[in-house]
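Notes for the one structure printed next.
Each value in this text was obtained by applying a stated rule to the coordinates, not by laboratory testing. Since the model is a prediction, treat every value here as computed from it, not as a measurement. Counting neighbours? That spans all protein chains shown, and the Cβs are built from the backbone with ideal geometry, glycine included.
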Amino acid sequence: MTTIGIIGAGNIGSNVAKAAIAKGYDVVISNSRGPETLGDLIDELGAKATPATAEGAAEAGDFVLVAVPLKNYREVPVEPLKGKLVIDANNYYFERDGQIPALDNGETTTALMLQEHLPESTVVKAFNNIPAKDIPSDGTPAGSEDRRALPVAGDDAEGKARVIALLDEFGFDGVDVGSLADSWRVERDRPAYVVRSNADELVMRVAEAVR
């Protein structure tokens with residue numbers, strides 16, 4: 001069975017883990033304080049979850065979700081992620097992360113920053129645009145009326161297709177919103193950010209974004 005590595009056991013990481021386990025995936029999950037601090041979460045997730053270091057989660061995952069405070073993105077291990085699909089769920093909160101002028105000035109995106117840190121990985125932006133608690137609970141079967149849609153951005157078509165397929169498994173329509181450079185359209189404070197949308201509504205809200 002496919003194993004998902006998760007670097008970051010906060011709200012997004014832990015809820016993606018719940019959704020993945022419900023679909024039969026194995027999960028190897030890490031946080032910044034060490035696997036010995038993840039006992040309560042592992043008890044909640046059950047036997048298909050394993051605690052690890054960030055390096056261990058990166059090595060174990062067939063693909064890997066990164067959901068860490070943006071200020072810590074350079075601590076994501078590089079070597080074990082070479083050649084792997086990396087799903088970037090990071091968001092920029094200047095109140096927590098400190099001011100990052102290149103983001104404030106619209107010169108880059110959070111996803112491009114992670115891609116530059118992981119030059120030999122395939123980074124795809126996803127899961128940053130939904131309240132974390134909704135990830136394991138708000139999915140519906142394919143074809144359901146008003147099915148919730150989530151944006152996906154990346155520079156690799158195959159990588160985006162894999163993430164869109166994963167979102168479909170979790171109960172969401174994945175909408176390709178462009179490249180990593182375009183992913184600012186679904187970052188914090190944009191019209192589509194954490195607003196429940198179906199696919200048509202998401203396309204409309206993404207188009208409304210102003211940098």
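Only one entry in Ala181, Ala153 is surrounded by 19 or more Cβ atoms within 10 Å (Cβ to Cβ) and among the small types (Gly, Ala, Ser), namely Ala153.
Applying the criterion of being in contact with an Asp or Glu (Cβ under 7 Å, 6 or more places away or on another chain) and among the hydrophobic types (A, V, I, L, M, F, W, C) to the residues of the stretch 125-151, the residue that is nearest to Pro80 (Cα to Cα) is Ala149. Among the residues of the stretch 109-137, those that are without any contact (Cβ under 8 Å) to a residue 60 or more places away in the chain and among the polar types (S, T, N, Q) comprise Ser121, Thr122, Ser137. Taken together, Asp168, Asp200, Asp173 contain a single residue that is of a type in the set (Asp, Glu) and touching a Lys or Arg at 6+ places or on another chain (Cβ under 9 Å), which is Asp173.
This table checks each residue for (1) free of Cβ contacts under 8 Å to residues at least 60 places away in the same chain; (2) under 17 Å from Leu114 (Cβ atoms); (3) not β-branched (Val, Ile, Thr).
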residue: Arg148; (1), (2), (3): yes, no, yes
residue: Pro151; (1), (2), (3): yes, yes, yes
residue: Asp155; (1), (2), (3): yes, yes, yes
residue: Val175; (1), (2), (3): yes, no, no
residue: Tyr193; (1), (2), (3): no, no, yes
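Yes/no matrix, rows are residues, columns are (1) polar (S, T, N, Q); (2) in a loop (DSSP other than H, G, I, E, B):
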site	(1), (2)
Gly56	no, no
Asn91	yes, yes
Gln99	yes, yes
Glu107	no, yes
Met113	no, no
Phe127	no, yes
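Conditions tested, residue by residue: (1) small (Gly, Ala, Ser); (2) surrounded by fewer than 22 Cβ atoms within 10 Å (Cβ to Cβ); (3) more than 14 Å from the chain's Cα centre (by Cα); (4) under 18 Å from Asn31 (Cα atoms).
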{"residue": "Lys48", "(1), (2), (3), (4)": "no, yes, yes, yes"}
{"residue": "Thr53", "(1), (2), (3), (4)": "no, yes, yes, yes"}
{"residue": "Leu65", "(1), (2), (3), (4)": "no, no, no, yes"}
{"residue": "Pro69", "(1), (2), (3), (4)": "no, yes, no, yes"}
{"residue": "Asn91", "(1), (2), (3), (4)": "no, yes, no, yes"}
{"residue": "Asp97", "(1), (2), (3), (4)": "no, yes, yes, yes"}
{"residue": "Pro101", "(1), (2), (3), (4)": "no, yes, yes, no"}
{"residue": "Asp104", "(1), (2), (3), (4)": "no, yes, yes, no"}
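Restricting the first member to the stretch 1-22 and to residues that are in a helix (DSSP H, G or I), and the second to residues that are basic (Lys, Arg), the beta-carbon pairs closer than 6 Å and six or more apart or on different chains are Ile21/Lys48.
Among the residues of the stretch 172-211, those identified as touching a Leu at 6+ places or on another chain (Cβ under 7 Å) and either part of a helix (DSSP H, G or I) or among the aliphatic types (A, V, I, L, M) (or both) are Val175, Leu180, Ala181, Ala192. Scanning the stretch 125-161 for residues that are of a type in the set (D, E, K, R), more than 18 Å from Arg185 (Cα to Cα) and within 14 Å of the chain's Cα centre (by Cα) turns up Lys133, Asp134.
What are the residues in the stretch 129-147 that are in contact with a helix residue (DSSP H, G or I) (Cβ under 8 Å, 6 or more places away or on another chain), surrounded by 13 or more Cβ atoms within 10 Å (Cβ to Cβ) and either part of a loop (DSSP other than H, G, I, E, B) or of a type in the set (Phe, Trp, Tyr) (or both), if any? Selection gives Asn129, Ile135, Pro136, Gly139, Arg147.
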